[in-house]
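The values are calculated or read from the model by the stated rules, or taken from the named source; none is laboratory data. Just so it is clear, the structure is predicted and the values come from calculations on it, not from any experiment. All Cβ positions, glycine included, derive from the backbone under ideal geometry; neighbour counts span all protein chains shown. Accessible surface areas use protein heavy atoms only, side chains included; no ligands, DNA or RNA. Shrake-Rupley method; radii C 1.70, N 1.55, O 1.52, S 1.80 Å.
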Amino acid sequence: MPKKKLSHLDKTGRARMVDVSAKPATRREAVAEAFVELSRAVLTALPKNPKGDPLEIARFAGVQAAKKTAELIPLCHPLPLSFVDVEIKVAAKGVKIRATAATTAGTGVEMEAMTAATVAALTIYDMCKALDKGIRIREVQLRSKSGGKSGDYKR
């Protein structure tokens, strides 16, 4: 089996943006998740937050973040996103975030989905930190991706 190489490095090991201009534009979708661990007191206080509904504001923040991924991650390609959705659900001991991003382009949207989930989690932290500095963001991960040369992936 041939050894895989990192595509963001040239022959000399220098970082570079990958040229995707020869790749066909195909439909690509990615789903990422994050979990924000909250104390019972913070979970109980969520609906009464004086700054507004943390979950709804985090949802919007995640969508906005997906659209700005190329500005945040230096070697990411700017993509014409055709769909971004962020779902946030209260769960036992915290909040589960699921972000989906889709495009028709020559490269995938994994980073956009991961960025959406992460920024949504950070927004919840920001809106609730006055109640508890011990909030933990964990399990940020790619759940699935479809399309492109490397095919489908499912965790």
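Keeping to segment 108-150, report how many residues are under 14 Å from Ala70 (Cβ atoms), among the charged types (D, E, K, R) and open to solvent by 20 Å² or more (accessible area, probe 1.4 Å).
Total satisfying the criteria: 1.
Residues of segment 78-107 being under 22 Å from Leu38 (Cβ atoms), buried (at least 24 other Cβ atoms within 10 Å of the Cβ) and within 12 Å of the chain's Cα centre (by Cα), which ones?
Val86, Ile97, Ala99
Is it the case, given these coordinates, that Glu71 is of a type in the set (D, E, K, R), within 25 Å of Ala15 (Cα to Cα) and part of a helix (DSSP H, G or I)?
Numbers: of a type in the set (D, E, K, R): yes; within 25 Å of Ala15 (Cα to Cα): yes; part of a helix (DSSP H, G or I): yes.
Spelling it out, Glu71 is indeed of a type in the set (D, E, K, R), within 25 Å of Ala15 (Cα to Cα) and part of a helix (DSSP H, G or I).
Is it the case that Lys67 is in contact with a strand residue (DSSP E or B) (Cβ under 8 Å, 6 or more places away or on another chain) and either open to solvent by less than 40 Å² (accessible area, probe 1.4 Å) or touching a residue at least 60 places away in the same chain (Cβ under 8 Å) (or both)?
The answer is no for Lys67.
Hey, can you tell me all the residues within segment 108-155 that are part of a loop (DSSP other than H, G, I, E, B), among the β-branched types (Val, Ile, Thr) and under 16 Å from the mean Cα position of the chain (by Cα)?
Val109
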